[in-house]
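Enquirer: For reference, the structure I am asking about is given below.
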Amino acid sequence: MQTCSFLGRVALAFVAVASAYHTGWSQEWARKMFAVQFHEFGTIARGSKAEFCFELTNPYLEDVRIAHVRSSCGCTSVYIKDDKRELKTYERGGIVARVNSSSYLGRYGATITVTFDRPYFAEVQLQVSSYIRADVVFEPGSVQFGTVEQGQPAEQKVKVTCYGNSNWRIRELRSANPHLSAEAVELSRGPGQVLYELTVKLGPNAPAGYIKDHLLLMTSEGQAVQIPLAVEGLVSSGLTLSPGTLFLGMVQPGQTVTKQLVVKGTKPFRILAIKCDDPSFRFDTSSAGTAKLLHIVPVTFVAGAQTGKVHQTIRIETDFADAQPELSAYAVVAEPQ
């Protein structure tokens, strides 16, 4: 009787270990898609915009689908970037965490749970942390340049108010983006309140693409206290590519596949050349020499004998203000069947 009981306990323990191993593996495939699983926002001014995108990439042949996301705390809102729930092979997506700095004050942390239901069920937990100050306020809460045509400068102003410290000062403004500059002008200083106006400028040499940076306010509180101000915008070259990433699918060695690339401009333009370092990619540019608003370019991929992942950059040269947009192209050459 004792032997049977012992064997039963061994069997149950084996099942528990196997179940735990399977559960860990089933979560691990999903965790591997995220490059970062924790973000520290640091010190945030009340009412300021503070967002972070947890980027993920699907490295698998199966499609991945995000079923839903949720946050453990009202201090942080969460949503799926561009509502892109399904990711094909090599496609990228994002889970955006936004701090509700207008409604919460003090030190807060949140756990973001991302649930997948394809190709298998899995949950990944992401962590964020922040400290929201009550005494420093930005109006508006971020710098929004909107859409700026490439080659044109842009300028926006933000008011910064500090309450409760008449000696508070902005010592320096820093940005990692060489195309951003800023200056702070003190507007008033009185008992318990200091008011500054920031002028944030985007230089005319800024390259085409999205701007998502921060301006750091270095204050009289010391180097340890850096207050970020979000800076966002889009520098438009006047040209757009669709799709933004070209996935040519899974093919057999020697197989040929063709997809359409759409290049659209705000005024008529010509495509001068399309280049790729891999000769397996071919482009039909027979009609590209005529100036028009929209070009449809067939892109053909001829799979070689070597199996595995193929990743190349396609560069497009045009006469549209010397714009040369790029996009990534992917394919998977499968083992012969």
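The values are calculated or read from the model by the stated rules, or taken from the named source; none is laboratory data. These numbers come from a predicted model, not from an experiment. Backbone-built Cβ (ideal geometry, glycine too); neighbour counts: all protein chains shown.
Enquirer: Could you list, in sequence order, all residues of the range 242-282 that are over 20 Å from residue 313 (Cβ atoms), in contact with a Phe, Trp or Tyr (Cβ under 6 Å, 6 or more places away or on another chain) and at pLDDT below 90?
Expert: Across the range 242-282, the qualifying residue is only 265.
Enquirer: Does residue 124 satisfy the condition of being of a type outside the set (Phe, Trp, Tyr), modelled with pLDDT under 95, in a strand (DSSP E or B) and within 30 Å of residue 57 (Cα to Cα)? Please lay out each step first, then the result.
Expert: Values: of a type outside the set (Phe, Trp, Tyr): yes; modelled with pLDDT under 95: no; in a strand (DSSP E or B): yes; within 30 Å of residue 57 (Cα to Cα): yes.
Judged against the criteria, residue 124 is not a match.
Enquirer: Does residue 260 fit the bill of being more than 20 Å from residue 151 (Cβ to Cβ), exposed (fewer than 13 other Cβ atoms within 10 Å of the Cβ) and either within 27 Å of the chain's Cα centre (by Cα) or β-branched (Val, Ile, Thr) (or both)? Please lay out each step first, then the result.
Expert: Details: more than 20 Å from residue 151 (Cβ to Cβ): yes; exposed (fewer than 13 other Cβ atoms within 10 Å of the Cβ): yes; either within 27 Å of the chain's Cα centre (by Cα) or β-branched (Val, Ile, Thr) (or both): yes.
It is true that residue 260 is more than 20 Å from residue 151 (Cβ to Cβ), exposed (fewer than 13 other Cβ atoms within 10 Å of the Cβ) and either within 27 Å of the chain's Cα centre (by Cα) or β-branched (Val, Ile, Thr) (or both).
Enquirer: Considering only residues that are assigned to a strand (DSSP E or B) and not β-branched (Val, Ile, Thr), look in the range 83-99 and name the one that is farthest from residue 250 (Cα to Cα).
Expert: Residues of the range 83-99 assigned to a strand (DSSP E or B): 86-87, 92-99.
Now narrow it down to the ones that are not β-branched (Val, Ile, Thr): 86-87, 92-94, 97-98.
Details: 86: 17, 87: 15, 92: 17, 93: 20, 94: 24, 97: 33, 98: 37 Å.
Ranking the candidates gives 98 first.
Enquirer: Could you list all residues from the range 317-335 that are of a type in the set (Asp, Glu) and part of a loop (DSSP other than H, G, I, E, B)? Break it down stepwise before answering.
Expert: Step one: of the range 317-335, the residues of a type in the set (Asp, Glu) are 317, 319, 322, 326, 335.
Those that are of a type in the set (Asp, Glu) and part of a loop (DSSP other than H, G, I, E, B): 319, 322, 335.
Enquirer: Please identify the pairs in which a residue from the range 280-301 that is over 30 Å from residue 253 (Cβ atoms) has its Cβ atom under 9 Å from the Cβ atom of a residue that is of a type in the set (A, V, I, L, M, F, W, C) and in a loop (DSSP other than H, G, I, E, B), counting only partners at least 6 apart or on another chain.
Expert: Sorted first by the residue in the range 280-301, then by its partner, the pairs are 295/288.
Enquirer: Which one is surrounded by the fewest Cβ atoms within 10 Å (Cβ to Cβ) among residues in the range 147-182 that are farther than 19 Å from residue 194 by Cα and touching a Leu at 6+ places or on another chain (Cβ under 7 Å)? Steps first, answer last, please.
Expert: Residues of the range 147-182 farther than 19 Å from residue 194 by Cα: 147-156, 174-181.
Next, from what is left, pick out any that are touching a Leu at 6+ places or on another chain (Cβ under 7 Å): 147-148, 153-154, 174-175, 179-180.
Numbers: 147: 9, 148: 18, 153: 12, 154: 19, 174: 13, 175: 16, 179: 16, 180: 22.
By that ranking, first place goes to 147.
Enquirer: Go through the range 82-93 and report how many residues are surrounded by 16 or more Cβ atoms within 10 Å (Cβ to Cβ), of a type outside the set (Asp, Glu) and closer than 17 Å to residue 54 by Cα.
Expert: At the first step, the residues of the range 82-93 found to be surrounded by 16 or more Cβ atoms within 10 Å (Cβ to Cβ) are 85, 87, 89-91, 93.
Then drop every residue that is not of a type outside the set (Asp, Glu), which leaves 85, 87, 89-90, 93.
Okay, now just the ones that are also closer than 17 Å to residue 54 by Cα, so 85, 87, 90, 93.
So the answer is 4.
Enquirer: Looking only at the range 221-242, count how many residues are surrounded by 13 or more Cβ atoms within 10 Å (Cβ to Cβ) and outside any strand (DSSP E or B).
Expert: Matching residues across the range 221-242 total 4.
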